[in-house]
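First up is the structure itself, then whatever we jot down about it.
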Amino acid sequence: MVNTAPAPTTDPVGGDVPDLTRPRPETTTVKDTPGYTVFRWVNTTILVLVAAVTLYPFLNLAARAFSSEAAIRSGDVTVWPIGFNTTTLMSVLEQDLFWRNYANTVVYTVVGTAIAMALTTTFAYVLSKKYLKGRMILIGFAVFTMFFTGGLIPNYILVSELGFKNTIWAVVVPQAINVFNLLVMKSFFENFPVELEEAAAIDGLTTYGIFFRVVLPLSKAVLATMVLFYAVWFWNSWFPAFLYMDDPEMYPVTVFLRNIIAGATGTGEGLSDVAVQIGANVKAVTMLLTALPIVCLYPFVQKYFVSGVMLGSVKG
């Protein structure tokens, strides 16, 4: 016969055994308090308002790009197109110079970001080693360039003497290292676990092996953040190309945009309806086409963005 007697409530030594079948009393957490609920709603409301204020200019730009000339001039366009019109968009897309400048921008951004990341990561890794002789001197040289430059004319003469005029190197080389990004990466590498590097050295890896096979694979967050910073930097850069290039076919699309904005100042008198429509929203169309790739790129690296900046700037 099976024994169905209840289990003893005391252990053989004489101590009490807790009854595991009895429901535990509910505990109140911070998230269950009324104050936290109010904070959450207030915080959500503020963030929604900030997001709306941030998004409004871009939405207004997109709406103006597809609105009619009459609606734009009357000021009726807000965040939704009025009198939907693609005349200006098709006019810009049909220009061969726009596509050549767009291709130039892609090349300048990819090449410039690759060179900048190579120089920034290696320089930052070297500066992160506190046992390096002359480390503070190198840091001083880098920080000095944040506050003092040679000036516009000396830079122009230098770029010209190096033979960089009307080449991609006039855009890429002078902006190869951003000191702010360098210091962020240096701070990140300073907080990198030394034990991992020592273990890799014991396993026989050289300094280059440790850097490429251990450090960089574990630094994806800060690397993705720096790639985003440099990509936006080179994509939006227009002044070096405007200064050092004479051939319009070598311009990036930002210079094309600058020329469009500078030229779109007509009053519309004596022009055809198509010309008036193009003049009304050509700036909005070109600005939208210029900003769209970076806007589309950001969601793919956003998950690394916050953690990369925090890892490299808060610690140390």
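The values are calculated or read from the model by the stated rules, or taken from the named source; none is laboratory data. Please read all numbers here as calculations on a predicted model, not as lab measurements. Quick reminder, even Gly has a Cβ in these numbers, built from the backbone with ideal geometry, and neighbours come from all protein chains shown.
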### Summary
Of the listed residues (105, 87, 113), the one being at pLDDT 85 or above and out of contact with any Pro (no Cβ under 6 Å at 6 or more places or on another chain) is 113
### Message
Looking at the structure I just gave you, is residue 114 surrounded by fewer than 19 Cβ atoms within 10 Å (Cβ to Cβ) and not hydroxyl-bearing (Ser, Thr, Tyr)?
### Response
yes
### Query
Is one or more of the residues making up the stretch 99-110 in the same structural domain as residue 234 (by TED's automatic domain parsing) and under 12 Å from residue 281 (Cβ atoms)?
no
### Query
Quick one: is residue 92 over 30 Å from residue 219 (Cβ atoms) and in the same structural domain as residue 227 (by TED's automatic domain parsing)?
yes
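For (1) assigned to a loop (DSSP other than H, G, I, E, B); (2) within 25 Å of the chain's Cα centre (by Cα); (3) surrounded by 13 or more Cβ atoms within 10 Å (Cβ to Cβ); (4) of a type in the set (Phe, Trp, Tyr), each residue gets a yes or a no:
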position	(1), (2), (3), (4)
50	no, yes, no, no
55	no, yes, no, no
62	no, yes, yes, no
72	no, no, yes, no
77	yes, no, yes, no
84	yes, no, no, yes
89	no, no, yes, no
92	no, no, yes, no
### Message
I'd like to verify a number: residues in the stretch 142-190 that are surrounded by 12 or more Cβ atoms within 10 Å (Cβ to Cβ), at negative phi and not β-branched (Val, Ile, Thr), how many?
### Response
24
### Task
State which residue pairs qualify: first residue over 24 Å from residue 67 (Cβ atoms) and inside the stretch 89-102, second residue outside any helix (DSSP H, G or I) and at pLDDT 85 or above in any location, beta carbons under 9 Å apart, and separation of 6 or more residues or different chains.
97/251; 100/251; 101/251; 101/252
